[in-house]
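Every number here is computed from the coordinates shown, using simple stated rules; none is lab data. Not measured: the values here are computed from a predicted model. Don't worry about glycine lacking a Cβ; one is built from the backbone with ideal geometry, like all the others, and counts go over all protein chains shown.
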Amino acid sequence: EAGVVQSPRYKIIEKKQPVAFWCNPISGHNTLYWYLQNLGQGPELLIRYENEEAVDDSQLPKDRFSAERLKGVDSTLKIQPAELGDSAVYLCASGRLSSGELFFGEGSRLTVL
Amino acid sequence: GQQLNQSPQSMFIQEGEDVSMNCTSSSIFNTWLWYKQDPGEGPVLLIALYKAGELTSNGRLTAQFGITRKDSFLNISASIPSDVGIYFCAGNYGGSQGNLIFGKGTKLSVKP
């Protein structure tokens with residue numbers, strides 16, 4: 001079974017530029033999460049989807065961050081414009097509603113200069 | 001909001017030694033998960049716990065869901081160099097998968 005696929009793995013941009021990350025979850029998984037991980041910290045939830053519905057986006061900074069999960073499969077997370085403090089690893093995870101287990105992708109490391 | 005306290009923050013041990021780390025929460029959790037993260041990689045699920053008092057093993061790893069539902073521990077027996085990494089606990093205090101939050105991690109270093 002293929003795991004959660006994320007791209008790009010690395011991205012370096014200048015502040016105020018836009019950036020987008022893509023995630024393809026494990027086939028058959030109906031929940032999808034975007035997490036933010038700062039250096040030396042645990043992952044922090046940005047947004048949670050059940051199928052195509054965003055059921056928890058309370059931690060998503062909506063002034064500059066947006067996410068979508070069209071058709072309830074893959075998802076994109078966008079930042080526009082990026083700020084220096086956005087430098088971090090953006091992790092995508094997926095799972096089944098019937099299970100408490102989440103499976104993570106390798107992450108997209110963002111550096112904002 | 002909900003908080004997880006994970007300890008110790010870091011450990012430096014000799015190969016072959018046993019390791020123990022734990023997590024405590026300010027609220028009752030329905031699920032405890034333990035993950036390992038290697039540098040530059042995403043967290044990998046090690047063990048999932050669903051019932052208070054549950055004790056589950058995965059090879060040399062053993063984890064327990066505390067009976068108060070506010071804590072969990074992870075033990076690694078006979079550590080080897082490839083156990084090096086950061087171990088995260090995660091807890092779910094809502095229904096199904098909702099509201100999964102993570103501890104800050106325990107960094108494990110193993111001296112051959």
Residue that is surrounded by the fewest Cβ atoms within 10 Å (Cβ to Cβ), among those in the range A:13-44 that are closer than 17 Å to A:E83 by Cα and aliphatic (A, V, I, L, M): A:L39
The range B:4-17, subset away from chain A (no Cβ under 13 Å) and part of a loop (DSSP other than H, G, I, E, B), residue nearest to A:G42 (Cα to Cα): B:P8
Number of the condition not met by A:S87 [criteria: (1) over 11 Å from the mean Cα position of the chain (by Cα); (2) closer than 28 Å to B:I47 by Cβ]: (2)
Subset of the range A:87-100 [surrounded by 17 or more Cβ atoms within 10 Å (Cβ to Cβ), facing chain B (nearest Cβ under 8 Å) and part of a loop (DSSP other than H, G, I, E, B)]: A:G100
Any hit, the range B:75-84, residues being of a type outside the set (V, I, T) and touching a Phe, Trp or Tyr at 6+ places or on another chain (Cβ under 7 Å): no
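Rundown of residues vs (1) free of Cβ contacts under 8 Å to residues at least 24 places away in the same chain; (2) of a type in the set (A, V, I, L, M), yes/no style:
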position: B:G42; (1), (2): yes, no
position: B:A48; (1), (2): yes, yes
position: B:E54; (1), (2): yes, no
position: B:N75; (1), (2): no, no
position: B:S79; (1), (2): no, no
position: B:F88; (1), (2): no, no
position: B:L100; (1), (2): no, yes
Residue list for the range B:18-73, filter: touching a Gly at 6+ places or on another chain (Cβ under 7 Å), part of a loop (DSSP other than H, G, I, E, B), within 11 Å of chain A (Cβ to nearest Cβ) and farther than 15 Å from A:E101 by Cα: B:D38
